[in-house]
Amino acid sequence: MYYVVMKSNDIRRNLATEQYLMNQKNFDEPLLLFYIEKPCIIVGRNQNTYEEINQKYVEDHDITVTRRLSGGGGIYQDLGNLCFSFVVNADSEQFGDFKSFTQPIVDALHQMGATTAEVSGRNDMLVDGKKFSGNAMYTKNGKTFSHGTLSWDVDLDVLTQALNVPADKIASKGIKSIRQRVTNLKGHVDPEYQNMSTEEFRDVLLLNLMHADQLADIADREYQLTAADEQAIDKIFNDLYSNWDWVYGKSPKSTIQKRKHFDFGTIDARLLIENGKIANVKFYGDFFGSGDANELAEKLVGTVYDREHLASTLEPIDTTPYFTGIPKTELVELLAQ
């Protein structure tokens with residue numbers, strides 16, 4: 001097995017690297033990738049980004065948002081999380097067989113003292129009954145990658161605020177909140193490992209997986225990216241993972257409801273979002289105004305659905321005739337939150 005330890009802490013570049021190595025490089029053995037990111041949310045290929053994230057919280061806390069090639073659900077990561085990815089020939093594994101990829105990770109964690117770690121359900125790993133890893137898979141042109149998260153020391157309070165987890169998904173697990181369902185590995189390993197950084201945890205895990213005593217012993221198994229590799233990865237980064245259309249515009253058509261009571265009345269806005277832009281808006285409520293709110297709704301059609309573009313569209317418009325007593329800034333916050 002070969003391996004790559006990514007130096008970037010940007011999820012978009014790391015996903016671009018993963019995609020490049022899968023599609024453009026051929027190894028005669030499986031390839032193992034490790035990467036660590038600053039705060040970010042990665043939505044699944046088929047998800048509606050707007051429905052998966054708390055947009056205002058994400059913007060206020062400078063959390064990067066991107067979309068991955070693989071399916072599955074949205075995940076939050078920060079520097080306390082370790083990502084791993086196995087790249088193999090597609091004919092060597094059955095698509096959807098997550099256990100064949102995750103069991104070696106579980107076995108390595110057992111060696112570190114997390115003896116209750118287990119593969120569970122469709123694509124999760126649990127320890128003491130709580131989730132510390134979610135996994136997803138993608139295949140193309142005879143290659144497959146299976147990648148997953150390992151929550152080592154993630155800020156779980158941020159996780160619960162940054163993600164919008166559907167109530168029915170939580171209910172199906174028999175719990176009341178996502179915070180009850182997730183945990184960090186750090187407290188489940190032997191004491192000698194509990195003060196390790198995420199990078200140190202990565203190195204111990206790597207040595208366990210490679211059956212080696214020190215990194216020097218496996219230096220010949222590490223693939224180093226070349227300048228040509230980096231240039232190709234830059235293009236994927238720009239064309240895909242940092243591209244607004246890929247992250248938001250690929251979200252399926254959806255209707256979003258925004259409702260809030262103000263001192264001067266309640267606004268209930270229903271927005272139809274298509275290709276990441278407002279396709280239609282309807283305003284309901286007991287608000288007052290001398291003008292017809294439908295006129296304002298028409299002016300919002302075609303606006304990219306985020307706070308910045310909503311504020312820009314509304315900036316030259318006097319909204320007082322439509323919503324008496326309700327400041328424009330609060331209207332923007334309602335629509336974009």
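Data table
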item: Scan of the stretch 200-232 for residues that are under 26 Å from the mean Cα position of the chain (by Cα) and closer than 16 Å to Ala108 by Cβ, ordered by number; result: Glu200, Phe201, Arg202, Asp203, Val204, Leu205, Leu206, Leu209
item: Qualifying residue in the stretch 238-260 (condition: more than 21 Å from Asn48 (Cα to Cα) and in contact with a helix residue (DSSP H, G or I) (Cβ under 8 Å, 6 or more places away or on another chain)); result: yes
item: Residue match in the stretch 262-275 (condition: assigned to a helix (DSSP H, G or I), touching a strand residue (DSSP E or B) at 6+ places or on another chain (Cβ under 6 Å) and under 22 Å from Glu308 (Cβ atoms)); result: no
item: Count of residues meeting criterion [hydrophobic (A, V, I, L, M, F, W, C), free of Cβ contacts under 8 Å to residues at least 60 places away in the same chain and under 12 Å from Phe264 (Cα atoms)] in the stretch 324-337; result: 0
item: Number of positions in the stretch 263-278 that are more than 11 Å from Phe323 (Cα to Cα), open to solvent by less than 50 Å² (accessible area, probe 1.4 Å) and not hydrophobic (A, V, I, L, M, F, W, C); result: 2
item: Among the residues listed as Leu296, Leu300, Leu331, Leu314, the single one being within 18 Å of Asp60 (Cα to Cα) and of a type in the set (A, V, I, L, M); result: Leu331
item: Test: Arg68 is touching a Leu at 6+ places or on another chain (Cβ under 7 Å) and closer than 23 Å to Ile105 by Cα; result: yes
item: Residue list for the stretch 211-224, filter: assigned to a loop (DSSP other than H, G, I, E, B) and either touching a Leu at 6+ places or on another chain (Cβ under 6 Å) or open to solvent by 40 Å² or more (accessible area, probe 1.4 Å) (or both); result: His211, Asp213, Gln214, Tyr223, Gln224
item: Selection from the stretch 16-46 of residues that are within 30 Å of His309 (Cα to Cα) and open to solvent by 30 Å² or more (accessible area, probe 1.4 Å); result: Lys38, Pro39, Arg45, Asn46
item: Any hit, the stretch 252-262, residues being at positive phi and either modelled with pLDDT of 85 or more or exposed (fewer than 14 other Cβ atoms within 10 Å of the Cβ) (or both); result: no
item: Positions within the stretch 64-83 being among the hydrophobic types (A, V, I, L, M, F, W, C) and in contact with a strand residue (DSSP E or B) (Cβ under 6 Å, 6 or more places away or on another chain), in sequence order; result: Val65, Leu69, Ile75, Leu82, Cys83
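The values are calculated or read from the model by the stated rules, or taken from the named source; none is laboratory data. What you are looking at is a predicted structure, and each value in this text was computed from that prediction instead of being measured. When we count neighbours, we look across all protein chains shown, and the Cβ atoms used for this are built from the backbone with ideal geometry, even at glycine. With ligands, DNA and RNA removed, areas are computed over all heavy atoms of the protein, side chains included. Shrake-Rupley method; radii C 1.70, N 1.55, O 1.52, S 1.80 Å.
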